[in-house]
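Engineer: Structure in structure tokens, see below.
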Amino acid sequence: MRRRRFWGWGWEDAGPTDDHARAIGALLAARLGHVAGALAPVPALDAIDLPPPRLTVPRTLAAPSSQTAYDRAGHTYGKSFRDIVRGLHGDFRRAPDVVAFPSTEGELVDLLVWCAGAQVVASPYGGGSSVVGGVEAPASGAHRGVVSIDLGRLDRVLEVDRTSRAARIQGGVLGPALEDQLRPHGLTLRHFPQSFEFSTLGGWIATRSGGHYATLYTHIDDFVEGLRVVTPSGVVETRRLPGSGAGPSPDRLFIGSEGTLGIVVDAWMRLQDRPTFRAAASVTFETFAAGAAAARAIAQAGLYPSNCRLLDPGEAFTSGAGSGTEAVLLVAFESADHPLDAWMGRALECARDHGGRVPDGAGRTIATDEGARDGAAGAWRRTFLDAPYLRDALVRLGMISETFETAVTWDRFAEFHAEVTNATQKALQSVCGSGQVTCRFTHVYPDGPAPYYTVMGPARPGAQLEQWAEIKTAAAEAILRFGGTITHHHAVGRDHRPWYDRQRPDLFATALRAAKRALDPHGVLNPGVLIDP
Ligand SMILES: Cc1cc2nc3c(=O)[nH]c(=O)nc-3n(C[C@H](O)[C@H](O)[C@H](O)COP(=O)(O)OP(=O)(O)OC[C@H]3O[C@@H](n4cnc5c(N)ncnc54)[C@H](O)[C@@H]3O)c2cc1C
């Protein structure tokens, strides 16, 4: 059976071969001005040390559980750079004691009740693609052990309401299986984070993930119609409504709660008809600033393109979407209802107003899947999907390769971007001696962009984690100082706590703690994530 890597991204049998990884390393090293390192071997499961399990799940509980090395190691970390480094080097000190696989709501309820009574940490695990320390065990605490609750068996679309265009979907379903089950109904959720293949609906809701829509429906929040959440204090079910003004939204309490208040067992999600019209164009700009001005004009024109991703020259080069001397704006529209020429025409006019160069004939509405993904947009998309496998290879080559993301209002953007880039570049230079910081916009709003930065540089052998920590701290401090958010869509987890705690209002934290005490009185759900008790 095809297996996922226990230490890194994706399938064991996918990603670049060792020779390919070395060739990529040599190319990148030449570009970044250093000598490529040797390729570290991948860890062997039988060679890793796992701490002896402190507990087992009682036989009286119906949910199957496992203590195999593969399951425990595979549920130890998420998929951030730190996680890949630790996994690659066989550091599985934080392995959960046991992994449970509930396949019904009843089994999940029983598990949570047992965890609460036995003072055992319950760590919900969707696809395990967290990049903020959201699925790993707490470093210490009063608990007696850790159960990773793998929700992968709660993977079905339970009901479809074609009239309202919504479906009730279980929280553990991975992206591709979710879309496969909606396809026969002619419907789609159309929420495609880069981690789509290995992340789940419940994980998206718990982390407020950002999908491929660059405008309008940016976060999963916009698609949630109602929720069913299992908490140690009982089950909460919210009412399905297209909108409601009845007080603060109960859905919004759980959306983004990162598994600290309860486990999303299923959700009614707003769906869409599958698009049949697509239009895409890539526009080049002499500078990133000119591209940003165009992106702002498009975002403020009320056109709502599905894609409006601005790549700086370095990012465009790395992804094969540009020559490395120009910024590239990828603009796309999609619809199940109408041709898109008018919208695209106006968006390209906005781009030209800011010096954008539009290839002849670009942006025509096409009624098939292929056409809209040709050229720069197609190259960017392929690189986008392969990037996580490539990142594993770069870690094996001893490099630092990580991203961070944020959002800021347009009035602050120019200064913000200059300061964040500068602080990150300086730290990178100081700890690695060379390297590059590139930027793209993943989402744009009428009042500001969501810039996403990629950092790459050569690390000292054995010092990858400390070096990255220094760079990340410099970047995060600049983000906070110049008015951004510590995360636009990657969530808070444990890794962003030092900055999130300063960003959120204190009284709000008090209210959130009170909610946590009401829903999880023994504090067993993800302690240390998002908030302390
Ligand atoms: C290569 C890569 C690309 C990524 N691209 C994107 C992107 O485009 N957009 C984006 O937003 N994020 C992205 N991420 C981050 C990550 O994929 C998201 O945070 C995603 O939403 C996590 O989903 P998951 O199912 O993997 O959750 P997990 O990683 O399993 O869990 C995330 C958090 O949610 C909790 N949780 C999981 N399931 C549930 C549930 N059913 N109920 C309650 N709590 C739960 C966990 O305890 C944990 O704290 C990316 C990550 C990687 C590695």
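The values are calculated or read from the model by the stated rules, or taken from the named source; none is laboratory data. Quantities reported herein were computed from a predicted structural model and do not represent experimental measurements. With ideal geometry, Cβ positions are generated from the backbone for all residues, glycine too; neighbour counts draw on all protein chains shown.
Engineer: Filter region 474-487 for residues that are assigned to a loop (DSSP other than H, G, I, E, B) and buried (at least 24 other Cβ atoms within 10 Å of the Cβ); which is farthest from the ligand (Cβ to nearest atom)? Give the derivation first.
Structural biologist: Quick first cut of region 474-487, residues assigned to a loop (DSSP other than H, G, I, E, B) only: 482-487.
Add one more test, that the residue is buried (at least 24 other Cβ atoms within 10 Å of the Cβ), and what stays is 484, 486-487.
Working: Gly484: 16, Ile486: 14, Thr487: 9 Å.
That would be Gly484.
Engineer: I need the full set of residues from region 450-470 which are touching a residue at least 60 places away in the same chain (Cβ under 8 Å), part of a strand (DSSP E or B) and hydrophobic (A, V, I, L, M, F, W, C), in order please.
Structural biologist: Ala450, Met456
Engineer: Quick one: His496 ticks every box in (1) more than 19 Å from the chain's Cα centre (by Cα); (2) surrounded by 16 or more Cβ atoms within 10 Å (Cβ to Cβ); (3) not β-branched (Val, Ile, Thr) except a single one, so which number is it?
Structural biologist: Here His496 clears every test but (1).
Engineer: Are any residues in region 61-112 among the hydroxyl-bearing types (Ser, Thr, Tyr) and within 25 Å of Arg228 (Cα to Cα), and if so, which ones?
Structural biologist: To start, the set of residues in region 61-112 that are among the hydroxyl-bearing types (Ser, Thr, Tyr) comprises 65-66, 68, 70, 76-77, 80, 103-104.
Ser65, Ser103, Thr104, listed by residue number.
Engineer: Any chance region 153-169 includes a residue that's among the hydrophobic types (A, V, I, L, M, F, W, C), surrounded by fewer than 21 Cβ atoms within 10 Å (Cβ to Cβ) and within 15 Å of the ligand (Cβ to nearest atom)?
Structural biologist: Yes - at least one qualifying residue is present in region 153-169.
Engineer: Identify the residue in region 353-381 that is of a type in the set (D, E, K, R) and at pLDDT 95 or above and, among all such residues, is nearest to Ala280 (Cα to Cα).
Structural biologist: Here the residue is Arg357.
Engineer: Does region 496-514 include one or more residues that are in contact (Cβ under 8 Å) with a residue 60 or more places away in the chain and aliphatic (A, V, I, L, M)?
Structural biologist: No, region 496-514 contains no residue that is in contact (Cβ under 8 Å) with a residue 60 or more places away in the chain and aliphatic (A, V, I, L, M).
Engineer: Look through region 301-350, keep the residues that are within 30 Å of Val455 (Cα to Cα) and among the polar types (S, T, N, Q), and return whichever of them is surrounded by the most Cβ atoms within 10 Å (Cβ to Cβ).
Structural biologist: Residues of region 301-350 within 30 Å of Val455 (Cα to Cα): 304-333.
Filter once more, keeping what is among the polar types (S, T, N, Q): 306-307, 318-319, 323, 325.
Working: Ser306: 22, Asn307: 22, Thr318: 21, Ser319: 24, Ser323: 10, Thr325: 10.
Among them, the one singled out is Ser319.
Engineer: If we scan region 192-201, do we find a residue that is in a helix (DSSP H, G or I), in contact (Cβ under 8 Å) with a residue 60 or more places away in the chain and not charged (D, E, K, R)? Step through it out loud before you land on a result.
Structural biologist: Pass one, region 192-201, residues in a helix (DSSP H, G or I): 196-198, 201.
Then drop every residue that is not in contact (Cβ under 8 Å) with a residue 60 or more places away in the chain, which leaves 197-198, 201.
With the extra rule that they be not charged (D, E, K, R), the set shrinks to 198, 201.
So far as region 192-201 goes, yes, one or more of its residues are in a helix (DSSP H, G or I), in contact (Cβ under 8 Å) with a residue 60 or more places away in the chain and not charged (D, E, K, R).
Engineer: Let me ask something additional. So, in region 134-152, of the ones that are surrounded by 23 or more Cβ atoms within 10 Å (Cβ to Cβ) and small (Gly, Ala, Ser), which residue ends up farthest from the ligand (Cβ to nearest atom)?
Structural biologist: Step one: filter region 134-152 for residues surrounded by 23 or more Cβ atoms within 10 Å (Cβ to Cβ), giving 134-137, 146-151.
Retained after the next criterion (residues that are small (Gly, Ala, Ser)): 134, 137, 148.
Numbers: Gly134: 3, Ala137: 11, Ser148: 9 Å.
Among those that are surrounded by 23 or more Cβ atoms within 10 Å (Cβ to Cβ) and small (Gly, Ala, Ser), it is Ala137.
Engineer: Here's something else I'd like to know. Starting from residues that are within 16 Å of Leu27 (Cα to Cα) and part of a loop (DSSP other than H, G, I, E, B), keep the ones in region 378-412 and report whichever is farthest from the ligand (Cβ to nearest atom).
Structural biologist: Step by step, filter region 378-412, then rank; the result is Gly398.
Engineer: Quick one: which residue in Ser282, Ser233 is more than 16 Å from the ligand (Cβ to nearest atom), over 18 Å from the mean Cα position of the chain (by Cα) and of a type in the set (S, T, N, Q)? Give the derivation first.
Structural biologist: Details: Ser233 fails: more than 16 Å from the ligand (Cβ to nearest atom).
Going through Ser282, Ser233 in turn, just one is more than 16 Å from the ligand (Cβ to nearest atom), over 18 Å from the mean Cα position of the chain (by Cα) and of a type in the set (S, T, N, Q): Ser282.
Engineer: Looking at region 91-103, can you tell me whether even one residue there is away from the ligand (no atom under 16 Å from the Cβ) and hydroxyl-bearing (Ser, Thr, Tyr)?
Structural biologist: Looking for residues that are away from the ligand (no atom under 16 Å from the Cβ) and hydroxyl-bearing (Ser, Thr, Tyr), one finds none in region 91-103, hence no.
Engineer: Please work out which one of (1) part of a loop (DSSP other than H, G, I, E, B); (2) without any contact (Cβ under 8 Å) to a residue 40 or more places away in the chain is the condition Gly345 fails and give its number.
Structural biologist: (1)
Engineer: Are any residues in region 309-342 of a type in the set (S, T, N, Q) and in a helix (DSSP H, G or I), and if so, which ones?
Structural biologist: Narrowing region 309-342 to residues of a type in the set (S, T, N, Q): 318-319, 323, 325, 335.
Correct list: Thr318 only.
Engineer: Which condition breaks for His212 when tested against (1) at pLDDT 95 or above; (2) within 12 Å of the ligand (Cβ to nearest atom)?
Structural biologist: With (1) at pLDDT 95 or above; (2) within 12 Å of the ligand (Cβ to nearest atom) applied to His212, the lone miss is (1).
Engineer: Take the residues of region 170-196 that are more than 23 Å from Val230 (Cα to Cα) and in contact with a Gly (Cβ under 6 Å, 6 or more places away or on another chain): which is nearest to the ligand (Cβ to nearest atom)?
Structural biologist: Pro193
Engineer: Since Lys79 meets every condition but one in (1) surrounded by fewer than 14 Cβ atoms within 10 Å (Cβ to Cβ); (2) touching a residue at least 12 places away in the same chain (Cβ under 8 Å), which condition does it not meet?
Structural biologist: (1)
Engineer: Being surrounded by fewer than 20 Cβ atoms within 10 Å (Cβ to Cβ), on the phi > 0 side of the Ramachandran plot and either within 14 Å of the ligand (Cβ to nearest atom) or of a type outside the set (Asp, Glu) (or both) is the requirement here; does Gly259 meet it? Don't jump to the end; show me each part of the working.
Structural biologist: Numbers: surrounded by fewer than 20 Cβ atoms within 10 Å (Cβ to Cβ): no; on the phi > 0 side of the Ramachandran plot: yes; either within 14 Å of the ligand (Cβ to nearest atom) or of a type outside the set (Asp, Glu) (or both): yes.
Here the answer is no, as Gly259 does not meet what is asked.
Table: residues versus (1) without any contact (Cβ under 8 Å) to a residue 24 or more places away in the chain; (2) within 21 Å of Leu394 (Cα to Cα); (3) assigned to a strand (DSSP E or B).
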position	(1), (2), (3)
Asp19	yes, yes, no
Arg31	no, yes, no
Ala38	no, yes, no
Pro52	yes, no, no
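Engineer: Restrict the check to region 432-448 and report whether at least one residue is touching a strand residue (DSSP E or B) at 6+ places or on another chain (Cβ under 6 Å) and within 26 Å of Gly259 (Cα to Cα).
Structural biologist: Scanning region 432-448 turns up at least one residue that is touching a strand residue (DSSP E or B) at 6+ places or on another chain (Cβ under 6 Å) and within 26 Å of Gly259 (Cα to Cα).
Engineer: Ok, one more. Return the only residue of Ala427, Ala459 being at pLDDT below 95, among the hydrophobic types (A, V, I, L, M, F, W, C), away from the ligand (no atom under 16 Å from the Cβ) and surrounded by 19 or more Cβ atoms within 10 Å (Cβ to Cβ). Quick ask: steps written out before the conclusion?
Structural biologist: Working: Ala427 fails: at pLDDT below 95.
Result of the check over Ala427, Ala459: Ala459.
Engineer: Take the conditions within 16 Å of the ligand (Cβ to nearest atom) and farther than 20 Å from Leu525 by Cβ and apply them to Val85. Does it pass?
Structural biologist: On the way: within 16 Å of the ligand (Cβ to nearest atom): yes; farther than 20 Å from Leu525 by Cβ: yes.
In short, yes.
Engineer: Mind counting the residues in region 397-424 that are closer than 19 Å to Ala36 by Cβ and surrounded by 23 or more Cβ atoms within 10 Å (Cβ to Cβ)? Quick ask: steps written out before the conclusion?
Structural biologist: First, pick out the residues of region 397-424 that are closer than 19 Å to Ala36 by Cβ: 397-402.
Now narrow it down to the ones that are surrounded by 23 or more Cβ atoms within 10 Å (Cβ to Cβ): 399-402.
Within region 397-424, residues that are closer than 19 Å to Ala36 by Cβ and surrounded by 23 or more Cβ atoms within 10 Å (Cβ to Cβ) number 4.
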